[in-house]
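The structure under discussion appears below in the form of structure tokens.
The values are calculated or read from the model by the stated rules, or taken from the named source; none is laboratory data. Not measured: the values here are computed from a predicted model. Counting neighbours? That spans all protein chains shown, and the Cβs are built from the backbone with ideal geometry, glycine included.
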Amino acid sequence: MSPTERDTGIVAAGALKRAAAILGAFDAEHRELTLASLSRRSGLPRSTTHRTADTMIELGWLDKPEHHYRIGNRLFELSGLAPIRHELREAVLPYLHDLHHATRTTVQLGVLDGPRVLVVEKITGHRPMPMLSQVGGTLPAYCSALGRAILAWSDKETIDAVIAAGLPARTSRTVTDPVALRRELAAVPARGWAAEREEGNIGVSCVGAPVFGPLGDVVAALSVTGPTKLVRADRAGPAVRMAAAAASRAYAPRR
């Protein structure tokens, strides 16, 4: 590689890192940002943020209605090509609809992403629940039914990594003791579903079950989430487990 090619590569890598920092400034709570907010959250100088954002607008990566930046449509189009959306979501979606029809409450599909669960799909129930993560958002694996349903069939190293990342209390009911969490995970396979009762949000409970790939490895989980008085683990558990089993059968042949 010539010095010129090397320098060009360094410049290109720097531009990509700046673009990544800007994209990373957005999340479920920050869907639209002013230039000042975008600069602060990305950690980039204001002038650099402005220059990089302008290029990203030209590429369709960002949009700027009036004075606020937001994620552009081109990224939305590309996200649909990712296997996690195109293959997993398409295979599981019919069973999410069935589960939603049966329970009339919010259902979600999630995959493990480090110590958190990435929400891949969500069908909202008749009762608005703004405290829940949106599609593309994340939630802690240790205190969510989605996360526990995946972790219960994961290897020891994966569980250890989640615990090592910390188990802070989100409510007074959150299980924060590693021993207690491991005990809870060990009990999940026997019944086929995981549960959390007001550990993420007071008044909200969730029941989740795993989705398996063709080799029998856990690849995702689906769940039912709603008001605690309506979502009872003993009633919702069997329905969630059956939906997850059907989704597993549908997904496996696609891989």
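Only residues that are closer than 28 Å to Arg173 by Cα and within 21 Å of the chain's Cα centre (by Cα) were counted in region 239-255, giving 4. Can you pull out every residue in region 8-35 that is over 22 Å from the mean Cα position of the chain (by Cα) and surrounded by 15 or more Cβ atoms within 10 Å (Cβ to Cβ)? Result: Arg18, Leu35. Taken over region 189-219, the criterion of being crowded, with 18+ Cβ neighbours inside 10 Å and either touching an Asp or Glu at 6+ places or on another chain (Cβ under 7 Å) or more than 19 Å from Ala236 (Cβ to Cβ) (or both) is satisfied by Val204, Ser205, Cys206, Phe212, Val218, Val219.
Looking at the structure I just gave you, is Gly216 in a strand (DSSP E or B) and farther than 11 Å from Ala152 by Cα?
Taking the combined requirement at face value, the residue does not satisfy it.
Among the residues making up region 36-48, those that are hydroxyl-bearing (Ser, Thr, Tyr) and either more than 27 Å from the chain's Cα centre (by Cα) or farther than 14 Å from Phe26 by Cβ (or both) are Ser47, Thr48. Among the candidates Ala186, Ala236, single out the residue that is surrounded by fewer than 23 Cβ atoms within 10 Å (Cβ to Cβ), more than 21 Å from the chain's Cα centre (by Cα) and assigned by TED's automatic domain parsing to the domain that holds Glu90. The conditions single out Ala186. Check whether at least one residue in region 132-144 is among the aliphatic types (A, V, I, L, M), touching a helix residue (DSSP H, G or I) at 6+ places or on another chain (Cβ under 9 Å) and not in a loop (DSSP other than H, G, I, E, B), and report yes or no. Yes, region 132-144 contains at least one residue that is among the aliphatic types (A, V, I, L, M), touching a helix residue (DSSP H, G or I) at 6+ places or on another chain (Cβ under 9 Å) and not in a loop (DSSP other than H, G, I, E, B). Whether a residue is in a loop (DSSP other than H, G, I, E, B) and free of Cβ contacts under 8 Å to residues at least 60 places away in the same chain was assessed, and Pro189 does not pass this test.
Would you confirm whether any residue within region 218-230 is under 20 Å from Thr103 (Cα atoms) and either without any contact (Cβ under 8 Å) to a residue 24 or more places away in the chain or not assigned by TED's automatic domain parsing to the domain that holds Gln108 (or both)? Taking every residue of region 218-230 in turn, at least one turns out to be under 20 Å from Thr103 (Cα atoms) and either without any contact (Cβ under 8 Å) to a residue 24 or more places away in the chain or not assigned by TED's automatic domain parsing to the domain that holds Gln108 (or both).
Residues in region 31-53 that are in contact (Cβ under 8 Å) with a residue 12 or more places away in the chain and not in a helix (DSSP H, G or I): Arg31, Glu32, Leu33, Thr34, Gly43, Leu44.
Just name the residue that is surrounded by the fewest Cβ atoms within 10 Å (Cβ to Cβ) out of those in region 121-164 that are among the basic types (Lys, Arg) and at pLDDT 80 or above. Going through the qualifying residues, I end up with Lys156. Scan region 220-229 for residues that are under 18 Å from Ala194 (Cβ atoms) and either among the polar types (S, T, N, Q) or surrounded by fewer than 23 Cβ atoms within 10 Å (Cβ to Cβ) (or both) and the total you get is 3.
What number of residues in region 202-217 are on the phi > 0 side of the Ramachandran plot and without any contact (Cβ under 8 Å) to a residue 24 or more places away in the chain? So the answer is 1. Looking at this structure, is Leu118 at pLDDT 85 or above, within 28 Å of Leu151 (Cα to Cα) and not in a helix (DSSP H, G or I)? So Leu118 passes the test.
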